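Notes follow once the structure below has been shown.
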2 protein chains.
Amino acid sequence: MVMGRPRSFDMDKALDEAMEVFWRHGYDGASLAMLTKAMGIKAPSLYAAFGSKEGLLKAALDRYALRRSEHMRYVLAGPTARDVAERFLSSIAESHTDPANPPGCLLVQGGLACGAGSENIPFELASRRAQTETELLERFVQAKADGDLPEDTDPVALARFLSTVASGMGVIASSGANRDALREVARVSLGAFTGNA
Amino acid sequence: MVMGRPRSFDMDKALDEAMEVFWRHGYDGASLAMLTKAMGIKAPSLYAAFGSKEGLLKAALDRYALRRSEHMRYVLAGPTARDVAERFLSSIAESHTDPANPPGCLLVQGGLACGAGSENIPFELASRRAQTETELLERFVQAKADGDLPEDTDPVALARFLSTVASGMGVIASSGANRDALREVARVSLGAFTGNA
DNA sequence: CAACTTTTATAACGAGTGGTAGATAAGTCT
DNA sequence: AGACTTATCTACCACTCGTTATAAAAGTTG
C-alpha cells in the first residue's frame, strides 16, 4: 500500500483555529475566507480533510467536546449533588471567560439560528448541549439513589436548570460579562439549588 | 406641501414579518430575499423605508421592545421582589413558547455572533437585553428600600441572575424545550431566589 | 389638468459565497 | 529509479449577497 503525499499542516492546530473562528463569528458568519486564513491552508486542503464547511464545524465540535470532557469528569466526580452543581457552574464561569478563547460557549455562539442551507447546524449544537445535560441528569439520579438528594427532588428539572443557567452564562459572557459577574450568577444559582432542589 | 405617492404596504405588518425572519434565522442568516418575500415588498421599498438591513433590524427590535414593554409593566408591578421575579420568569416561559412566534427570544436568536460587516449587531442586541436587566435592578433596589429584600442581598447579582436565566430559557426554547420545561426552570430558579436572595 | 413629490418595479451592480477542476508537488512502496 | 497515491496550488465555477440607478406609477396640491 502506498501512502501518498503527507499532510503538511497540523490538523489539531488547524481545528483549534477553525474553532475560534466559529466561536467568534458563528457558523453563518464564518466565511471560508476567514477559516482558511486562520487555519493557514487553502480551500482544497480544507475540503480534502473535512469534506465541507459543516464537516469542519463538526470536527471542531468534536475537539471542543474533547476539551470539555476533562472538565466534566472533574465536575461529575463531585462527592455530592450540590458539589457537582457548584463545580459545574464554577468551571463554566472560568471557561467562558478564559482569555485564551472567545468569550462564551461555542455551542451557544456557534449558531442558535441559521440561514438557508445551514438549517441543521442549530440542531447539531443543541444535541451537543443536551449531552452535557444528560450527564448531569445521570449524576443526579445516582445522587438520589445515594440518598444525597431529597425524595421529592426532580433530577430532570435540576439538570435542566443547570444546563439553562450554563447557556445563559454563555450569552452574557459573549456580551462582555466578566468572570466575577459569572461567578456571582453561579453563586445565586446555587442558592436556588438548596432552596428548591 | 406635496405628499407624493403614498406607501402601499403596512409598515407594522411588514415589520412583524421581518421580525419573524430575523427571529428564526438570525441577522446573518436572514437574507434580503427572505426578508422582502416575507414582507411582501421589493428591495427598493425596503431601503427607502428602513435605509439598510441593519436599519430594518433596529426597527424590528423597536417593535419587539414595544411588545415586551407591556409584559414588563405587569412584571415590575409585582407587589414584592419575589413576585416580580416570579412574574418575570413565568411570562418568559409563556412568551418564549408562544406558537404565534418562533421559539425563544429575538434578542438572543437575532445573533450572538455575526460575520464581517455585522459586528455591531451583537452589541445592539446585548444593549437591548441589558435594558431589561436594568429595569429589574431598579425594581429590586426599590424593593430593598421598601424592606422587601434582606439587607445583605445584592440587587445587581439578583437582576443579573434573572436576566441570565431568561437568556438561557431563550436558548433551550429555541432548541425545542416546551412550555412545561420552561415553567420548571422558572420554578427551580425561584428556589434560588428564596435560598440566596 | 399640470406640476410636483414620493414610492414602486425592473434590472443590474460589484463583491463575496461555498465549492471544485486540473495540474503539480511530495512523499512511500516495489 | 519509477510507479503510485495523496496533498497542495492556482484559477475558476455558478450563485447569492446587500445595495442601488433608472424610470414608470400613483398619489396630492396649485
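The values are calculated or read from the model by the stated rules, or taken from the named source; none is laboratory data. Treat the numbers as computed from the prediction; the structure is a model and nothing was measured. So basically every Cβ, Gly included, is an ideal-geometry build from the backbone, and we count neighbours across all protein chains shown. Protein only, heavy atoms only, side chains kept; ligands, DNA and RNA dropped before computing areas. Shrake-Rupley method; radii C 1.70, N 1.55, O 1.52, S 1.80 Å.
Given the structure, is residue B:83 within 16 Å of DNA strand C (Cβ to nearest atom) and open to solvent by 20 Å² or more (accessible area, probe 1.4 Å)? Spelling it out, it is not the case that residue B:83 is within 16 Å of DNA strand C (Cβ to nearest atom) and open to solvent by 20 Å² or more (accessible area, probe 1.4 Å). Apart from one condition, residue B:125 fits all of (1) within 30 Å of residue A:33 (Cα to Cα); (2) in contact (Cβ under 8 Å) with a residue 60 or more places away in the chain; (3) open to solvent by 50 Å² or more (accessible area, probe 1.4 Å); the exception is (3). Within the group B:51, B:55, B:78, which residue is of a type outside the set (Val, Ile, Thr), surrounded by fewer than 23 Cβ atoms within 10 Å (Cβ to Cβ), within 15 Å of DNA strand D (Cβ to nearest atom) and more than 19 Å from the chain's Cα centre (by Cα)? None of the others qualify; the one that does is B:51.
Considering region A:106-122, the residues that are open to solvent by 40 Å² or more (accessible area, probe 1.4 Å) and either within 11 Å of chain B (Cβ to nearest Cβ) or in contact with a Lys or Arg (Cβ under 8 Å, 6 or more places away or on another chain) (or both) include one that is nearest to residue A:166 (Cα to Cα), namely A:119. Restricting attention to region B:35-48, the residues that are closer than 23 Å to residue B:174 by Cα and either touching a strand residue (DSSP E or B) at 6+ places or on another chain (Cβ under 9 Å) or surrounded by fewer than 19 Cβ atoms within 10 Å (Cβ to Cβ) (or both) add up to 1.
Screening residue A:146 against (1) open to solvent by 10 Å² or more (accessible area, probe 1.4 Å); (2) under 19 Å from the mean Cα position of the chain (by Cα); (3) more than 10 Å from chain B (Cβ to nearest Cβ) leaves a single unmet condition, (2).
Of all residues in region A:65-94, those being among the small types (Gly, Ala, Ser) and in a loop (DSSP other than H, G, I, E, B) number 2. Each residue in region B:31-49 was checked for being within 14 Å of another protein chain (Cβ to nearest Cβ) and touching a residue at least 12 places away in the same chain (Cβ under 8 Å), and 4 of them qualify. Against the definition (more than 9 Å from every other protein chain (Cβ to nearest Cβ), closer than 20 Å to residue B:107 by Cα, open to solvent by 50 Å² or more (accessible area, probe 1.4 Å) and touching a helix residue (DSSP H, G or I) at 6+ places or on another chain (Cβ under 9 Å)), how does residue A:103 come out, yes or no? Taking the combined requirement at face value, the residue satisfies it.
Here's a check for you: in region B:1-15, which residue that is more than 7 Å from DNA strand C (Cβ to nearest atom) and open to solvent by 40 Å² or more (accessible area, probe 1.4 Å) is farthest from the other protein chains (Cβ to nearest Cβ)?
So the residue we want is B:1.
A search for C-beta distances below 6 Å between a residue of region B:53-67 that is closer than 16 Å to residue B:126 by Cβ and any residue that is at pLDDT below 95, counting only pairs 6+ apart in sequence or on different chains, returns nothing.
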